[in-house]
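Values quoted throughout were computed directly from the atomic coordinates according to the rules given, and no laboratory measurement underlies them. These numbers come from a predicted model, not from an experiment. No Cβ is skipped: glycine too gets one built from the backbone with ideal geometry, and neighbour counts run over all protein chains shown.
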Amino acid sequence: MHKILILIAIPLFYSCIREVDPVITDISETYLSGGGVFILNEGNFRSGNGSLSFFSYDSLKIFNHVFMDINSRPLGDVPYSMGIDGSRIYIIVNNSGKIEVAGMNDMRSVTTISKIASPRYISFIRGSKAYVTSLYSDSVTILDLASNRVSGFINLRKSSESVVSLSSTAYAASWVGGNKIIVINTINDSVKDSIEVGVEPESMVIDKNETLWVLCNGGWKRENFAQLIAINTKTNTIEKRFIFPSVTDSPTCLQLNGTGETLYYLQNGVRCMEIDASDLPSEVFISEQNNVFYRMGVNPSNDEVFVTDAGDYVNRGKVLRYSREGVFIAEMIADIIPGNLCFKINPDPNTQ
């Protein structure tokens, strides 16, 4: 009984904390070795002041400008997304046209993969290679993970945004002005099919039943209704199509919980729905209150929800942490335009 009371008390205690730049006494310390969440701070466009923050579950603190502090150089212009493969992290720096590769548990630079046209997202394919999408190129870039070099390209004839993979297939969303999901054979790196969905599919997840969910925001001009679509990955056919009620609805940032049973997305707050739901959620799960939500992520190990607020998009923004029930836990100050998040789960501190 005493253990249960302690666990309940911790979130209540930290809900009173507004964390600002904890002091890092020695960058060789292991504050990165435990579980937590990386926050990509985009920085001001063309200013080269993007950065990386890390929220540590061990200390319950946020550490800012981590890459800079450890490597003594800036991360670059618009760090946009990142992925973890084994003991390494791959940071996609969009406007710098590069990928920074670093150790997951110490953030020390391994290499920089340069001259990639406006990279956006990365998906790892069977531990040997990765696909990187592009905002301006019509091709997906193939990375050889053994050498961390570009090994080839897949011509989609369209720009690409979100990318996910399953078994021997990858799915890339044609985002700007697009309405298709490109199906890629990952064995021979070739396009084998395409699936027409709604206008501008901007985020995707694959649930526990291996169903591909695609969130289409309808386009920035708001001339089309946003849609949430479920695709059978065995047949590549649409099984469900949910159309948002207003043409002004612009949902973003589709996420999935750790068990693959619950979907989350941003639309005037955080909304969530079960994968077997018969309709879109009518109520907000987490209200914005006095915040303006920009990006979000769901911790796959405990279903905690992290949401970023970019503020005025000029000065430092913040990260908001909520329990799996949607109860506010803490607010933390990040850097300029905190955006996408990447969770570090069950790490091995002895692996670098």
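Per-structure values
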quantity	calculated
Candidate lysines for bridging to K344, where Cα separation is under 29 Å - those fewer than 8 sequence places away on the same chain excluded	K3, K61, K98, K115, K129, K208, K318
Net lengthening on full extension, S167/S87 (0.36 nm per residue, minus Cα-Cα)	26.6 nm
Most mobile of S174, S282, S151 in a GNM of the chain (Cα contacts under 10 Å)	S282
Listed peptides 131-140, 235-244 by packing density, highest first (mean Cβ within 10 Å)	131-140, 235-244
When the convex hull of its Cα atoms is projected in every direction, mean area for the stretch 105-166 (nm²)	4.7
Cα-based convex hull volume of the stretch 197-285 per residue, rounded to whole Å³	82
Computed lengthening from D58 to I243, 0.36 nm per intervening residue step minus Cα-Cα distance	62.4 nm
